[in-house]
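Trainee: Got a structure for you, questions after.
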Amino acid sequence: MPDLHLGTWVKSSGNESVEIMAAAGFDFVVIDLEHAFPTVYPHIVTAAGRGVAPLVRVPDHGASMIQRVLDAGAAGVLVPHVDDAAQAAAVAAAVRFPPHGTRGSGGTSRAAQWGLLDRAEYQRFGNSEALCIAQLESRTAMANAAEILAVPGVSAGFVGAADLALDTGLSANDPELQGMVDAALAASQAAGKPIGWAVGSNPAAARKAFERGFDFVVMGNDLSMLAETAHSLVADVG
């Protein structure tokens, strides 16, 4: 598993975003197909070339999209709205090759070095190292966190705080919601699998997340960073 620690979302289509995030020192980027339309393939190539792990948040549980981004060379996928063990098993199967899953062989894809990589190694990476990260972002998912994280082929969990607040109708600081988050942290520890969290462009919040026990944090995104800096510059001029 790549050494995930601190990452950021990439929502724009400009490769400069990925280069800037790599130069800034982020460990990974998450190319966001759920809430944006970035150009995935060039972003994956740029990130990998800069030594940054390229993850892709796919828009849904569709196996065809999961296969495409993995064969493009993504280090793994974040899959939104995984609510129970059955859904977790289905998305894990889309990531893994038989007999561990249902992913088809793309032996001439970029992930297989266009046919130059030994097929056994291509399949070994897909089964052992490609990341399948289940997003937990509903009351149901949080209740099922232990079962989801126990599914073979699921590499890690990721708490989607914004959608969790929407689903539950609870504020971010509500004790009930915080209790759900603590339970998910405990479930990840029991399963021996990492768990992640997202924050805005707020280093203090990122530090707090690590102190709380999260293994990796996604902080901010490329376009919000640009917007925040632009507004700040204009406001500072007066």
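Trainee: Report relative contact order for the chain in percent, whole number only (criteria: Cα-Cα under 8 Å, sequence separation at least 6). Show your work: numbers first, answer last.
Mentor: Values: 471 pairs, mean separation 41.8, N = 238.
About 18 percent, as a whole number.
Trainee: Non-local amide H neighbours of Ile195 (under 5 Å, H modeled in plane, Pro and chain starts lacking H): which ones?
Mentor: Long-range HN contacts for Ile195: Gly157, Asp215, Phe216.
Trainee: Which translational diffusion coefficient, to the nearest whole µm²/s, is obtained for segment 191-238 from the Stokes-Einstein equation, given a Kirkwood hydrodynamic radius over C-alpha pairs, 4 °C and 1.567 mPa s? Please report the intermediate quantities before stating the final value.
Mentor: Numbers: Rh = 12.2 Å.
D, rounded to a whole number, is 106 µm²/s.
Trainee: Moving to a separate point now. Whose amide H sits under 5 Å from the amide H of Ile31, counting only residues 5 or more places off or on another chain, with H placed in the peptide plane?
Mentor: Val10, Leu55, Val56, Arg57
Trainee: A further question follows. In nm, what is the difference between 0.36 nm times the number of residues separating His35 and Trp114 and their Cα-Cα distance? Working shown, then result.
Mentor: On the way: separation 79, 0.36 × 79 = 28.44 nm, distance 3.01 nm.
Contour length minus the Cα-Cα distance gives 25.4 nm.
Trainee: Further, regarding this structure: How much length is gained on full extension from Asn15 to Leu170, taking 0.36 nm per residue of separation minus their Cα-Cα distance?
Mentor: Values: separation 155, 0.36 × 155 = 55.80 nm, distance 3.72 nm.
Residue separation times 0.36 nm, minus the Cα-Cα distance, leaves 52.1 nm.
Trainee: Specify, per residue and in Å³, the volume enclosed by the convex hull of the alpha carbon atoms belonging to the chain. It would help to have the intermediate numbers written out before the result.
Mentor: Details: hull volume 29.2 nm³, N = 238.
Once divided by residue count, the hull of the chain is 123 Å³.
Trainee: Per-residue HN-Hα couplings for segment 52-58, Karplus 6.51 cos²θ - 1.76 cosθ + 1.60 at θ = phi - 60°, whole Hz, x for Gly and Pro?
Mentor: Each residue of segment 52-58 in turn: 10, 5, x, 9, 10, 8, 6 Hz.
Trainee: Ok, one more. If each DSSP helix of 4+ residues adds -39,500 (n - 2.57) and the sum is divided by the residues in the chain, what number results at 222 nm, nearest 500 deg cm²/dmol?
Mentor: Values: 11 runs with 111 residues, N = 238.
For the chain, the value works out to -13500 deg cm²/dmol.
Trainee: A further question follows. Stretched out fully, how many nm does the piece from Ala183 to His231 gain, at 0.36 nm a residue minus the Cα gap? Provide the component values of the computation, followed by the final result.
Mentor: Details: separation 48, 0.36 × 48 = 17.28 nm, distance 3.83 nm.
Taking Ala183 through His231 to full extension adds about 13.5 nm, to one decimal.
Trainee: Right, next: Sorted from largest down, give the three principal axis spans of the alpha carbons of segment 1-106, whole angstrom values.
Mentor: Principal-axis extents of segment 1-106 (Cα, largest first): 39, 25, 24 Å.
Trainee: Whole angstrom only: what separates the Cα centroid of segment 56-132 from the Cα centroid of segment 162-187?
Mentor: Using only Cα atoms, the two centres lie 29 Å from each other.
No lab work stands behind these numbers, since they all come straight from the coordinates. The model shown is predicted, which means the values in this text are computed figures rather than measured ones.
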